[in-house]
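The values are calculated or read from the model by the stated rules, or taken from the named source; none is laboratory data. These figures come from a predicted structure and were not determined experimentally. A quick note on method: Cβ atoms are made from the backbone with ideal geometry, for glycine too, and the neighbour counts reach across all protein chains shown.
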Amino acid sequence: MNCIYLSKSKYCKAKQCNKILWLEKYKSSEAVNVENESALENGTKVGEIAKNYFGKYTNIEFNSDLSKMILDTELQLKNKPNIITEASFNFDNNFCSVDILKNDINGIEIYEVKSSTDIHDIYLDDVSYQYYVLDNLGFNIKSVHIMYINSEYVRNGELELEKLFNIKDITEIAISKQNEIQEKIKEINEYMQKYDNGENEPEKKISMNCFDPYECAYCNYCTKALPKNNVFDIRKMQKSKKFKLFNEGKISFEDILYEDINEKYLEQIDFELNDKEPKIEKDKIRDFLDTLSYPLYFLDFETFQQAIPEYDGVSPYMQIPFQYSLHYIEEENGKLQHKEFLAEAGIDPRRTLAESLVKDIPKNVCVTAYNMSFEKSVIKKLAEAYPDLSEHLLNIRNNIKDLMIPFKERYYYCKAMQGSYSIKYVLPALFPNDPELDYHNLPVVHNGGEASYAYSDLVNHTKEEQDEIRNGLLVYCGLDTLAMVKVWEKLKEVANIINI
Ligand code: SF4
């Protein structure tokens, strides 16, 4: 007898690790939210738009009483031919809702909708589980499909669903997985029966599975017994390499200190264990600073992405810039000045942003960005979209220098950077205890992910709320470029350069 009511999401979680289901049942408060709000919102929008793909459809409304959804589905299945979305079924305590179900006198077709631009293995498990439920209920399943986003699509006028979505027939794969699914369901039920007491916690060693296909929400919980400063704290090291060391019992920094690994990893460990003084290579810092010149600009963009492009010329998940902050100093000993741009809500922000950018940054000036590949790619896309502005935009792009280099190359490194060269680590390392440079103290928006979501969600707020959010966005992006100015000043200071 089954002891758990499975759904397709529970089945997929158990494919990753059975213990996730146990923790969800007995220790759900230990979960850490690893999902990003923008991604969730994009997923919901894709699901809703996809329902229209085959034309008129009947939706089975969600009901926490799943038997109601199953009953509604049974009624709709009688109206052949028809398209049913969220059609819901239960076989032997294995429940599933089918995103889109095509139903005619010859049988049914299953369509699972994904907001991703690729097909991941876990999607095959997801759809094969649905096949298992419906096949065991006696349906004649003609075919099963995954519907996913076509990253090549560029919107031009009305949304063209047949171009926006790719559809892959995976019927053969689903059929080939049926024995595996039956075995896995049996295994899940035996596992949950064996550990049916919340006190009787199953032991499970962490592995690559904890991050594949998704980062598990219980990673913190399952790693809490590890020592502070362990192999998983080594920045930029591949996960597979970390797990190799972990499985060899080389877990703490002390264990790893004499391993044959990249010198940057060893340097991080050395600084942590030996509390070393900052490493400052003055000549290299000076050489880097020599590449900068006045007038000197500090630029940072904020962007958002749409799975369903709402504007002409936009592809799914393209980075759409909606905001920038610009600090600048005209001449040596000049005053620090600031300009900024934040688009209105609910419009394509790119043209007005591009026009503002070419007004704010003259040609042939030195522009700095932190991790410049991002700013460069955004400007390149703007130049492609607006040929009349492209010469100026590309001039700005060609004059960008990367302020991250001294930290990425470790010309300047200290323990507090913890192996990272991200500005979110570098800034507090260079300016500890400065509340004005602390992102935690900001109102409303504290990181790029929050900024993206806040902007794309602006239209759903009242005027007063919008004003507050917009202010939060301006303060956040302004701190990004002020931080760059402070970092540049610190580089000059440690390299003993009074002025460049
Ligand atoms: S963190 Fe790893 S071991 Fe723990 S429940 Fe998640 S996948 Fe399983």
Review point. Of the conditions (1) part of a helix (DSSP H, G or I); (2) β-branched (Val, Ile, Thr); (3) more than 16 Å from the ligand (Cβ to nearest atom); (4) crowded, with 16+ Cβ neighbours inside 10 Å, Val144 fails just one. Which one is it?
Key: (1)
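Residue-wise test of (1) within 16 Å of the ligand (Cβ to nearest atom); (2) surrounded by 15 or more Cβ atoms within 10 Å (Cβ to Cβ); (3) within 30 Å of Glu190 (Cβ to Cβ).
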{"position": "Gly43", "(1), (2), (3)": "no, yes, no"}
{"position": "Val46", "(1), (2), (3)": "no, yes, no"}
{"position": "Asn52", "(1), (2), (3)": "no, no, no"}
{"position": "Asp72", "(1), (2), (3)": "no, yes, no"}
{"position": "Ser88", "(1), (2), (3)": "no, yes, yes"}
{"position": "Asp92", "(1), (2), (3)": "no, no, yes"}
{"position": "Asn106", "(1), (2), (3)": "no, no, no"}
{"position": "Ile110", "(1), (2), (3)": "no, yes, yes"}
Check your understanding: Which condition does Gln130 not pass, out of (1) touching an Asp or Glu at 6+ places or on another chain (Cβ under 8 Å); (2) assigned to a strand (DSSP E or B); (3) polar (S, T, N, Q), if it passes all the others?
Key -> (2)
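Could you say whether any residue in the stretch 199-212 is farther than 30 Å from Asn496 by Cα, part of a loop (DSSP other than H, G, I, E, B) and touching a His at 6+ places or on another chain (Cβ under 8 Å)?
Residues of the stretch 199-212 that are farther than 30 Å from Asn496 by Cα, as a first pass: 199-212.
Right, trim to part of a loop (DSSP other than H, G, I, E, B) and you get 199-207, 212.
With the extra rule that they be touching a His at 6+ places or on another chain (Cβ under 8 Å), the set shrinks to none.
No, the stretch 199-212 has no match at all.
Can you name every residue in the stretch 17-41 that is surrounded by fewer than 18 Cβ atoms within 10 Å (Cβ to Cβ) and within 16 Å of the ligand (Cβ to nearest atom)?
The first filter runs over the stretch 17-41 and keeps only residues surrounded by fewer than 18 Cβ atoms within 10 Å (Cβ to Cβ), leaving 24-37, 39-41.
Residues satisfying the conditions are Glu24, Lys25, Tyr26, Lys27, Ser28, Ser29, Glu30, Ala31, Val32, Asn33, Val34, Glu35.
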Study note, to complete from the structure: Within the stretch 169-203, the residues that are basic (Lys, Arg) and surrounded by 14 or more Cβ atoms within 10 Å (Cβ to Cβ) are Lys177, Lys184
Review point. Between a first residue in the stretch 447-466 that is farther than 15 Å from Ala39 by Cβ and a second residue that is small (Gly, Ala, Ser), which pairs have beta carbons less than 6 Å apart while being 6 or more apart in sequence or on different chains?
Key: Leu458/Ala345; Val459/Ala345; Val459/Gly346
Check your understanding: Which ones in the stretch 142-164 are more than 20 Å from Asp125 (Cα to Cα) and not aliphatic (A, V, I, L, M)?
Key -> Asn150, Ser151, Glu152, Tyr153, Arg155, Asn156, Gly157, Glu158, Glu160, Glu162, Lys163
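Name the single residue that is nearest to Tyr294 (Cα to Cα) among those in the stretch 448-499 being of a type in the set (S, T, N, Q) and either crowded, with 21+ Cβ neighbours inside 10 Å or not assigned by TED's automatic domain parsing to the domain that holds Leu336 (or both).
Of the stretch 448-499, the ones of a type in the set (S, T, N, Q) are 452, 456, 460, 462, 466, 471, 481, 496, 499.
Checking the rest, the ones that are also either crowded, with 21+ Cβ neighbours inside 10 Å or not assigned by TED's automatic domain parsing to the domain that holds Leu336 (or both) come to 452, 456, 481.
Values: Ser452: 32, Ser456: 36, Thr481: 16 Å.
My answer is Thr481.
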Exercise for review: Write out, first by first residue and then by second, each pair whose Cβ atoms fall under 6 Å of each other, whose residues are 6+ apart or on separate chains, and whose first residue, in the stretch 276-293, is among the hydroxyl-bearing types (Ser, Thr, Tyr) while the second is outside any helix (DSSP H, G or I) and modelled with pLDDT of 95 or more.
Suggested key: Thr291/Lys401; Ser293/Cys366
Practice item. Report yes if some residue within the stretch 427-441 is within 22 Å of the chain's Cα centre (by Cα) and at pLDDT below 95; otherwise report no. Key: yes
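Is it fair to say Tyr439 is closer than 28 Å to Ser377 by Cα and out of contact with any His (no Cβ under 7 Å at 6 or more places or on another chain)? Working first, answer last.
On the way: closer than 28 Å to Ser377 by Cα: yes; out of contact with any His (no Cβ under 7 Å at 6 or more places or on another chain): no.
No.
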Revision key, fill the gap. Checked against (1) exposed (fewer than 13 other Cβ atoms within 10 Å of the Cβ); (2) without any contact (Cβ under 8 Å) to a residue 40 or more places away in the chain; (3) touching a helix residue (DSSP H, G or I) at 6+ places or on another chain (Cβ under 9 Å), Leu257 satisfies every condition except (1)
Exercise for review: Could you check Leu266 against (1) at pLDDT 90 or above; (2) surrounded by 13 or more Cβ atoms within 10 Å (Cβ to Cβ); (3) closer than 24 Å to Glu30 by Cβ and say which number it fails?
Suggested key: (3)
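With the requirement that a residue be touching an Asp or Glu at 6+ places or on another chain (Cβ under 7 Å) and either within 16 Å of the ligand (Cβ to nearest atom) or within 23 Å of Asp99 (Cα to Cα) (or both), what does the stretch 1-10 give you?
Step one: of the stretch 1-10, the residues touching an Asp or Glu at 6+ places or on another chain (Cβ under 7 Å) are 2-3, 8.
Across the stretch 1-10, the qualifying residue is only Lys8.
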